[in-house]
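Written below as structure tokens is the structure these notes are about.
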Amino acid sequence: MKYISTRDNCEALPFSKAVDLGMVPAGGLFVPSEIPRIDFAKFVNSSYQELAKAVLAPFMDDFSGEEISSCVDQAYTNESFHNPDAANTVSLGKDKYVLELWHGPTAAFKDMALQIMPHFMRYAKVKSGDKSHTMILVATSGDTGKAALEGFKNRDGISIVVFYPHGGVSEIQKLQMATTEGSNTHVIAVRGNFDDCQNSVKELFGDDELRKEAADHGTVFSSANSINWGRLCPQIVYYVKAYLQLVKDGKITYGDKIDFCVPTGNFGNILAGFYAKEMGLPIRKLICASNRNNVLTDFFTDGTYDRNRDFHKTMSPSMDILISSNLERFLFEMSDRDAGKVYSWYITLGCTGSFTVDQIVKDRIDRVIKAAWVDEQEVLDTIGAVHRESNYVMDTHTAVAAAAARKSDSDVPVVIVSTASPYKFSADVLKGLGAKSGADEFESVSELSRTSSTPVHRAVDGLKGKKLLHDKVIDISEMREAVRRLLRA
Ligand SMILES: *Cc1c(COP(=O)(O)O)cnc(C)c1O
């Protein structure tokens with residue numbers, strides 16, 4: 001298996017090299033040269049770890065079986081996920097299910113990938129004979145930052161720099177990041193929104209002069225964002241696991257088609273669902289759920305992606321995004337892997353802020369994707385309604401998906417992908433439940449625990465009283481200099 005660029009501007013590389021590089025140096029994203037097919041029916045009784053090994057193996061064939069096993073077994077431990085299966089599916093009744101992806105150390109679904117990716121990187125560096133220090137540059141809308149910090153902290157030969165939008169993440173998310181220990185971790189707030197952070201980080205990757213300067217210090221840059229294939233492929237596993245769980249529980253028969261509804265930002269999570277479908281999992285439709293930042297809903301409605309619009313801060317900040325990086329991979333697949341087309345769309349996007357796909361591509365997309373967006377009031381109403389009807393408490397991101405699933409009235413079972421613990425967004429969740437929020441974040445957390453009779457997630461519980469270790473705030477224009485300073489340090 002080799003990895004090729006969505007813009008056909010890079011030689012085909014093995015998994016280890018694609019992971020080590022993060023993204024294609026000249027712009028573009030790595031995708032597997034072919035999509036393997038697997039007979040998933042054989043894995044109905046497998047553990048999460050066994051399934052992960054089988055799903056990942058064809059994508060990383062430059063790793064030995066032992067190496068893959070070692071990555072999986074170190075990542076998906078009961079200790080890290082408090083759950084032997086890492087992810088579990090619960091029923092809301094009426095053919096609706098919730099796939100809980102937030103049992104990991106930071107209470108967000110990003111842990112599903114970021115607990116394993118550092119292990120990929122360690123082996124990848126050895127395999128590609130790369131003896132340099134790796135500096136991971138991350139732009140985060142909240143959850144990636146903490147999950148990446150936890151995954152990479154105190155790893156030899158690696159340091160990590162996280163940029164997040166100042167004032168653009170929740171109080172808990174900020175505390176989670178700012179209290180991170182570890183000698184190799186850096187957290188910096190940037191005056192700007194997530195798109196500004198992400199664009200600047202992409203520019204830093206493409207900055208030849210900066211790369212040379214890094215090389216002089218024995219350092220290479222890499223990415224832990226979902227533009228890195230090493231982060232994307234572990235996410236395929238939980239779609240398969242959720243489906244097989246329903247089969248095992250007798251809710252469906254293998255072969256029955258179901259829908260997954262995914263709260264979407266950068267399009268990484270839902271794209272993993274698409275690859276699961278292409279690998280042979282009986283998925284009917286993927287429902288792309290958005291908040292008020294509904295650039296994707298509009299795109300899936302009329303075929304025009306137009307980022308020239310206002311940016312809204314919402315109660316689901318991890319989805320406050322106007323440029324969904326992984327859409328590029330999806331368009332590459334939907335255009336029959338026509339890199340020329342993809343390249344021209346993204347050049348147009350860069351120049352004008354928008355592009356339109358042709359009807360053939362649009363028709364193909366329509367066969368796979370449904371899309372819906374929900375406003376803030378619907379999010380709160382949904383949190384309340386689900387709690388009343390199913391005695392289940394969901395976070396604001398999951399509620400976007402639950403509301404979108406209602407709107408799209410599926411006539412097949414729907415799995416709502418739950419991306420964060422409600423304790424990360426306690427005050428808003430309480431509002432949805434019709435309860436009063438506390439005077440501060442921690443009081444809201446305790447109140448949510450009382451109201452919902454559920455235990456506080458350990459990632460949130462442990463935050464109180466922790467020392468703030470990172471408090472730097474800079475302008476977007478200062479990001480490059482901040483990285484240079486860390487190189488010299
Ligand atoms: C990152 C994140 C999302 C969006 O996932 P993408 O892969 O970027 O589409 C949704 N919900 C939560 C809680 C997240 O952390």
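General observations
- All positions within the stretch 208-248 that are out of contact with any helix residue (DSSP H, G or I) (no Cβ under 7 Å at 6 or more places or on another chain) and of a type in the set (D, E, K, R): 208, 209, 211, 212, 216, 248
- Residue within the stretch 164-184 that is in contact (Cβ under 8 Å) with a residue 24 or more places away in the chain, within 23 Å of residue 3 (Cβ to Cβ) and buried (at least 19 other Cβ atoms within 10 Å of the Cβ) present: no
- Taken over the stretch 366-410, the criterion of being hydroxyl-bearing (Ser, Thr, Tyr) and part of a loop (DSSP other than H, G, I, E, B) is satisfied by 392, 408, 410.
- Pick from the stretch 183-235, criterion assigned to a helix (DSSP H, G or I) and aliphatic (A, V, I, L, M), ranking: farthest from residue 50 (Cα to Cα): 210
- All told, residue 138 meets the bar of being at pLDDT 90 or above, open to solvent by less than 10 Å² (accessible area, probe 1.4 Å), within 16 Å of the ligand (Cβ to nearest atom) and part of a strand (DSSP E or B).
- In the stretch 1-47, the residues that are in a strand (DSSP E or B), open to solvent by less than 40 Å² (accessible area, probe 1.4 Å) and under 15 Å from residue 230 (Cβ atoms): 3, 13, 30, 31, 32
- Matching residues in the stretch 71-120 - criterion: being charged (D, E, K, R) and either within 16 Å of the ligand (Cβ to nearest atom) or in a loop (DSSP other than H, G, I, E, B) (or both): 85, 94, 95, 100, 110, 111
- Total residues in the stretch 453-463, condition surrounded by fewer than 20 Cβ atoms within 10 Å (Cβ to Cβ) and either outside any loop (DSSP other than H, G, I, E, B) or in contact with a Cys (Cβ under 8 Å, 6 or more places away or on another chain) (or both): 2
- Within the stretch 270-286, considering residues that are open to solvent by 10 Å² or more (accessible area, probe 1.4 Å) and in contact (Cβ under 8 Å) with a residue 60 or more places away in the chain, the one farthest from the ligand (Cβ to nearest atom): 280
- Within the stretch 233-242, the set of residues being farther than 14 Å from residue 415 by Cβ and either away from the ligand (no atom under 16 Å from the Cβ) or more than 16 Å from the chain's Cα centre (by Cα) (or both) is empty.
- Selection from the stretch 243-269 of residues that are away from the ligand (no atom under 16 Å from the Cβ), open to solvent by less than 10 Å² (accessible area, probe 1.4 Å) and closer than 23 Å to residue 406 by Cβ: 243, 246, 258, 259
- Given (1) touching a residue at least 60 places away in the same chain (Cβ under 8 Å); (2) in contact with a helix residue (DSSP H, G or I) (Cβ under 7 Å, 6 or more places away or on another chain); (3) crowded, with 17+ Cβ neighbours inside 10 Å, number of the condition residue 444 does not satisfy: (1)
- Exactly one residue out of 306, 320, 298 is touching a strand residue (DSSP E or B) at 6+ places or on another chain (Cβ under 8 Å) and either touching a residue at least 12 places away in the same chain (Cβ under 8 Å) or of a type outside the set (D, E, K, R) (or both): that is 306.
- Restricting attention to the stretch 141-157, the residues that are part of a helix (DSSP H, G or I) and either within 16 Å of the ligand (Cβ to nearest atom) or closer than 18 Å to residue 266 by Cβ (or both) add up to 9.
- When the stretch 381-394 is limited to residues that are touching a residue at least 60 places away in the same chain (Cβ under 8 Å) and not hydroxyl-bearing (Ser, Thr, Tyr), the one that is nearest to residue 313 (Cα to Cα) turns out to be 394.
The values are calculated or read from the model by the stated rules, or taken from the named source; none is laboratory data. The structure displayed is predicted, hence computed values, not measured ones. Using ideal geometry, Cβ is built from the backbone for each residue, glycine included, and neighbour counts are taken over all protein chains shown. What goes into the accessible areas is simple: the full protein's heavy atoms, side chains included, and nothing from ligands, DNA or RNA. Shrake-Rupley method; radii C 1.70, N 1.55, O 1.52, S 1.80 Å.
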